[in-house]
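Chemist: Before anything else, here's the structure in question.
The values are calculated or read from the model by the stated rules, or taken from the named source; none is laboratory data. Predicted model, so just to flag it, every value in this text is computed and none were measured. Every residue, glycine as well, gets a Cβ built from its backbone with ideal geometry; the counts of neighbours run over all protein chains shown. Protein only, heavy atoms only, side chains kept; ligands, DNA and RNA dropped before computing areas. Shrake-Rupley method; radii C 1.70, N 1.55, O 1.52, S 1.80 Å.
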Amino acid sequence: MKTYDIVVIGGGPGGYVAAIKAAQMNASVALIEADRIGGVCLNDGCIPTKTLLRSAKLYQDMLRAASFGISLENGNAIRVDWQQLMARKTSVVNKIVGGVEQLLKFNKVDVYKGYATIADERTVKVGAETLQHKHLIIATGSSPQYPAIEGLQSALNDGIVIDSTRAINLEQHPKRMIILGGGVIAVEFATLFNSLGTEVTLLQRSEQILKNQDEDVKVLIQRHLSESGVAIKTGVAITRIDGHRVYYKDAQGDHETTGDYILASLGRSPNTKGLEVLPLKMSKQGITVDEHMKTNVSNVYAVGDVCGGMMLAHVASAQGIVAVENIMGKDSTINYRQIPSCIYSFPEVGAIGYTEDEARAAGFDVGTSSFPLSANGKAVAEGETVGFVKIIHDKQYGEVIGVHIVASHATDMIAEAAATMALEGTVYDLAKTVHPHPTLSEIVMEAAHGAVDKPIHLIKR
């Protein structure tokens, strides 16, 4: 029997980051993972999807190479090599997972492969090993959830209905894809498959996709996806699934559509099975934790998707660090209003803080300012002019309380807004910050100028 200061269950971005941070703070640490280190994010989510999206973007750029003055001898020969595309994805994933495994080894984290069985509040078993601990961190993640739609389970068993993990491991390039759902994952996969030449139909229950995004973002992304060839059907109710065929109805009546595969992107549920021995307080979202990531069991913490809320890899990692810091005696919390979220569509979306509607509902004296990519020199030069930045501020002091960016590199650009908000920065600070030219980042400065007075490179009457 071995004894550790901290045992972490789950090797995803919440668990492995927590384990490394704990080891760096001189705790003895064990990490238990039943599958590959890295969890869904590194193996089946964040990394492989972005790798495939990079290939899709390159393919799209090659198709329009002539508009950039690049003449390909035989443009019609450009094609998607599906097997090579998947092989590159696997290579990238293996490299990154291997890197994390080396980090754990370097930091002297003991890694146990297998399913953790909790014996009591101080003991965990994995395989033939029994581990005792002073503190336990649960980072068991989440799994896809499936609603009770007639025929869905049968099609799932037949491999016709697939989840995101199966979607990034398809052996053949699908000709037609039906996507159920209109959230972030649905939009990213619609972008991916549509860009690679698959005929995509997206079925969404509400009247708009991306329900949690700012209104201006939702409108632009939905319109742009439609213009790019994605058939978006909103306000629909799925009545049943029969093999490759989906039946649904909307205000106009009953309809049906078919696809080689049906990608169900209808939310995720926390993985709490096996934790029953612990008297944990639960909600519909998952394990209930306080601002320090502590559960109602005194020596047990939980981080990541298993807690519900913002199911994002960087949130899980931040929560893992917070949990460890509190275990080690430091008072540490997270301001969730200052956590950015990203959508890797074409163009990308980066968002942080309040949407305009949320800010008004919260009682702020709201000011907004937007600046379009079409007025930015770098965007014009790159041929990526679809998008904008929108800054939401409190008029009383000019404090930035929300930023929403739609641009080709929005997921990188949103970090500037995150830093500004963490420092309680204002639109005056952003306007006075000299941004390099020519860059897409200048749109942030221009929008800030618009909030203070008027943007420089846009006629604003």
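Chemist: So Ile443 ticks every box in (1) among the β-branched types (Val, Ile, Thr); (2) touching an Asp or Glu at 6+ places or on another chain (Cβ under 7 Å); (3) within 20 Å of Gly383 (Cβ to Cβ) but one. Which box is left unticked?
Modeler: Of (1) among the β-branched types (Val, Ile, Thr); (2) touching an Asp or Glu at 6+ places or on another chain (Cβ under 7 Å); (3) within 20 Å of Gly383 (Cβ to Cβ), only one is false for Ile443: (2).
Chemist: Collect the residues in the range 423-448 that are within 27 Å of the chain's Cα centre (by Cα) and acidic (Asp, Glu), keeping them in residue-number order.
Modeler: Glu424, Glu442
Chemist: Follow-up question, since we're still on this one. Only one of Tyr336, Tyr354 is surrounded by fewer than 21 Cβ atoms within 10 Å (Cβ to Cβ), touching a Gly at 6+ places or on another chain (Cβ under 8 Å) and closer than 30 Å to Ser408 by Cβ. Can you tell me which?
Modeler: Numbers: Tyr354 fails: surrounded by fewer than 21 Cβ atoms within 10 Å (Cβ to Cβ).
The unique qualifying residue is Tyr336.
Chemist: Please specify each residue of the range 154-182 satisfying the condition of being over 26 Å from the mean Cα position of the chain (by Cα) and outside any loop (DSSP other than H, G, I, E, B).
Modeler: Of everything in the range 154-182, those that are over 26 Å from the mean Cα position of the chain (by Cα) and outside any loop (DSSP other than H, G, I, E, B) turn out to be Ser154, Ala155, Asn157.
Chemist: Scan the range 294-312 residue by residue and report those that are closer than 26 Å to Gly350 by Cα and either more than 13 Å from the chain's Cα centre (by Cα) or buried (at least 22 other Cβ atoms within 10 Å of the Cβ) (or both).
Modeler: Val303, Gly304, Asp305, Val306, Cys307, Gly308
Chemist: Next question, about the same structure. In the range 197-231, how many are open to solvent by 60 Å² or more (accessible area, probe 1.4 Å) and in a strand (DSSP E or B)?
Modeler: Result for the range 197-231: 1.
Chemist: Further, regarding this structure: Among the residues of the range 399-416, are any in contact with a Leu (Cβ under 6 Å, 6 or more places away or on another chain) and open to solvent by 20 Å² or more (accessible area, probe 1.4 Å)?
Modeler: The answer is yes, given that some residue of the range 399-416 is in contact with a Leu (Cβ under 6 Å, 6 or more places away or on another chain) and open to solvent by 20 Å² or more (accessible area, probe 1.4 Å).
Chemist: Here's something else I'd like to know. Kindly provide the set of residues from the range 371-393 that are farther than 12 Å from Pro347 by Cβ and open to solvent by less than 20 Å² (accessible area, probe 1.4 Å), ordered by number.
Modeler: Within the range 371-393, Phe371, Asn376, Lys390, Ile391, Ile392, His393 qualify.
Chemist: What's the number of the condition Lys284 fails, among (1) modelled with pLDDT of 95 or more; (2) surrounded by fewer than 17 Cβ atoms within 10 Å (Cβ to Cβ)?
Modeler: (1)
Chemist: Could you tell me which numbered condition Thr191 fails, if it satisfies all but one of (1) farther than 24 Å from Val389 by Cβ; (2) touching a Leu at 6+ places or on another chain (Cβ under 9 Å); (3) among the hydroxyl-bearing types (Ser, Thr, Tyr)?
Modeler: Unmet condition: (1).
Chemist: From Ala417, Ala407, grab the single residue that is closer than 16 Å to Thr368 by Cβ, within 29 Å of the chain's Cα centre (by Cα) and not polar (S, T, N, Q). Talk me through it step by step, then tell me what you get.
Modeler: Values: Ala407 fails: closer than 16 Å to Thr368 by Cβ.
Step by step, each of Ala417, Ala407 is checked, and only Ala417 is closer than 16 Å to Thr368 by Cβ, within 29 Å of the chain's Cα centre (by Cα) and not polar (S, T, N, Q).
Chemist: Tally up the residues in the range 171-185 that are among the small types (Gly, Ala, Ser) and surrounded by fewer than 23 Cβ atoms within 10 Å (Cβ to Cβ), please.
Modeler: First, the residues of the range 171-185 that are among the small types (Gly, Ala, Ser): 181-183.
The next check asks that each one be surrounded by fewer than 23 Cβ atoms within 10 Å (Cβ to Cβ); those that pass are 181, 183.
Of the residues in that region, 2 qualify.
Chemist: Give the range 1-16 a look and list any residue that's at pLDDT 95 or above, open to solvent by 30 Å² or more (accessible area, probe 1.4 Å) and either among the hydrophobic types (A, V, I, L, M, F, W, C) or closer than 29 Å to Ser164 by Cβ (or both), or say none.
Modeler: Result: Tyr16, single match.
Chemist: Next question, about the same structure. Does any residue in the range 257-278 that is farther than 15 Å from Gly308 by Cα come within less than 6 Å, Cβ to Cβ, of a residue that is among the small types (Gly, Ala, Ser) six or more places away or on a different chain, and which pairs are these?
Modeler: Leu263/Ala167; Ser265/Gly181; Ser265/Ala186
Chemist: Write out, first by first residue and then by second, each pair whose Cβ atoms fall under 7 Å of each other, whose residues are 6+ apart or on separate chains, and whose first residue, in the range 1-29, is among the acidic types (Asp, Glu) while the second is in a loop (DSSP other than H, G, I, E, B) and modelled with pLDDT of 95 or more.
Modeler: From the range 1-29, the pairs are Asp5/Ala27; Asp5/Ser28.
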